[in-house]
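The values are calculated or read from the model by the stated rules, or taken from the named source; none is laboratory data. Note that this is a predicted model, so its numbers are computed, not measured. All Cβ positions, glycine included, derive from the backbone under ideal geometry; neighbour counts span all protein chains shown.
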Amino acid sequence: MSSNASTHAGSSLHRQAVTQIARGADLIGLAPQYRAILGEPKNEVIVNFPVQMDDGSWQSVRGYRIQHNNILGPFKGGMRFDPGVDLDEVKALAAWMTIKCALVDLPLGGAKGGVAIDPFALSEDELRRVVRRFTAALGSNIGPEHDIPAPDMGTDARVMDWMMDTYANMSGPERRNSVKGVVTGKSLICGGSVGRVEATGRGVLYALRHWCGEHDRVLDGMEIVVQGFGNVGRHFARLAAESGARIIAVGDHTGAIGDPSGLDVLKLGMYVDEHRGVAGFGAADHIDDLFSVKADVVAPCALENQITADVARTLSCDVIVEGANGPTTPDADAILADRGIQVVPDVLANAGGVIVSYFEWLQNRSARAWSAEDVDERQRSIMWAAADAVSCAAAEHGVSYRDAAYAVALRRLADTYDRRGIFP
Ligand code: NAD
């Protein structure tokens, strides 16, 4: 599998996002002016900046920040560091953020950004120079009341701490402490929120629990296949295993491994920390094709365009819970629907990350820290309400959860535009 997955079979990921928006728009009869607004991002910021490598050479690095929509609140979305990052990919990811924030009813808009580099090929010093120069190049295009980045693939709390510190140092002494909310996903000591690290994986589990409740199923004993063992995949796998599910196979960029009796997820985590991948994990068998493993649940938590039409024809599970953004192609969606395999869509299933990012932003604004219980309970109740709304819309329109999720989100956006009007 290529890590540059933004173009699948020659198709554009952004076009895929626009097609999904159009399907939801058709369901609710969305007015043409709102379709036009949501069909393109509001702002596309592309920066090229020089970074010095440890050997003294210089590299020109390209970074992106795509601000899709901010009618509901400040732009919000992750920063991806991956060699495959390109304009088409970040445009799609930014549009999905707008839908996601609207769906879970947060006062936030949608954005996404990234840098086309392999962070794992850089030393810590090189990575820090990339992050600081990128943040400086973005300048006032980001800000705690304007556009608030967060972690995504290839970035983590360390990267967010450097971004925040760079922005604070560029902000003048009187604002040094009030601008902490310029990014979320920071470490606790730098103003992060308890629960943010595992928030997306925890949210994937809440989404699966909600699906179980609706379909008279229980997590206990469920067999789950997980693709991706990074931030999203590993926390989802751990929490699902703690709830009694069996993680029978895990795949990542190094390969796939499995054990029908259930993998020891904690041991696998320690192994991945040391070896940077699941391949070679001694307490499991090597698997050639992850998606050929029969399971109750498949949770793609890595890249976009992984469940293709070919995969959808042979996949053997009852439900797909999308931890990743855009893991299922539209043609695969149609095949899965024909085969009766349900999909809990990304904009719902992985919304836990942005929900707890929102909590972090609120905590930074009030210079207070919430308890883990507060964070978990509020996250659960927001996700539950969104999942209820999606189920109701799916029943009302007789459509998939994905189309229903878009219908709910677009209704909120349209209602807001109706009240505010379109400037001027
Ligand atoms: P990460 O960088 O922590 O982990 C990525 C995982 O994907 C790794 O296990 C890696 O090995 C695997 N991977 C990479 N290339 C692969 C390939 N070719 N085949 C199979 N596996 C491959 O990233 P993450 O933060 O866990 O993000 C994963 C997905 O979840 C992305 O789609 C991201 O946009 C989405 N997401 C992340 C968050 C978040 O809070 N981090 C929130 C919402 C959605």
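Key figures for this structure:
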read-out: Complete set of residues in the stretch 31-48 that are in a loop (DSSP other than H, G, I, E, B) and either farther than 16 Å from residue 412 by Cα or at pLDDT below 95 (or both); value: 39, 40, 41, 42
read-out: Any hit, the stretch 16-34, residues being within 15 Å of the ligand (Cβ to nearest atom) and more than 21 Å from residue 134 (Cβ to Cβ); value: yes
read-out: Test: residue in the stretch 336-355 that is of a type outside the set (D, E, K, R) and free of Cβ contacts under 8 Å to residues at least 12 places away in the same chain; value: yes
read-out: Count - residues of the stretch 166-182 that are of a type in the set (D, E, K, R) and surrounded by 20 or more Cβ atoms within 10 Å (Cβ to Cβ); value: 1
read-out: Neighbours by Cβ (under 9 Å, 6+ apart or cross-chain): first from the stretch 123-144, under 30 Å from residue 107 (Cβ atoms) and assigned by TED's automatic domain parsing to the domain that holds residue 68; second in a loop (DSSP other than H, G, I, E, B) and of a type in the set (Ser, Thr, Tyr); value: 131/155; 143/171; 144/178
read-out: Answer from 349, 324, 337, 369 - the residue that is farther than 30 Å from residue 181 by Cα and at pLDDT 95 or above; value: 337
read-out: Selection status of residue 75, within 16 Å of the ligand (Cβ to nearest atom), surrounded by fewer than 24 Cβ atoms within 10 Å (Cβ to Cβ) and under 22 Å from the mean Cα position of the chain (by Cα); value: no
read-out: Residues within the stretch 196-251 that are more than 19 Å from residue 375 (Cβ to Cβ) and part of a loop (DSSP other than H, G, I, E, B), tallied; value: 13
read-out: Hey, residue 338 within 24 Å of residue 209 (Cβ to Cβ), acidic (Asp, Glu) and not assigned by TED's automatic domain parsing to the domain that holds residue 110 or not; value: no
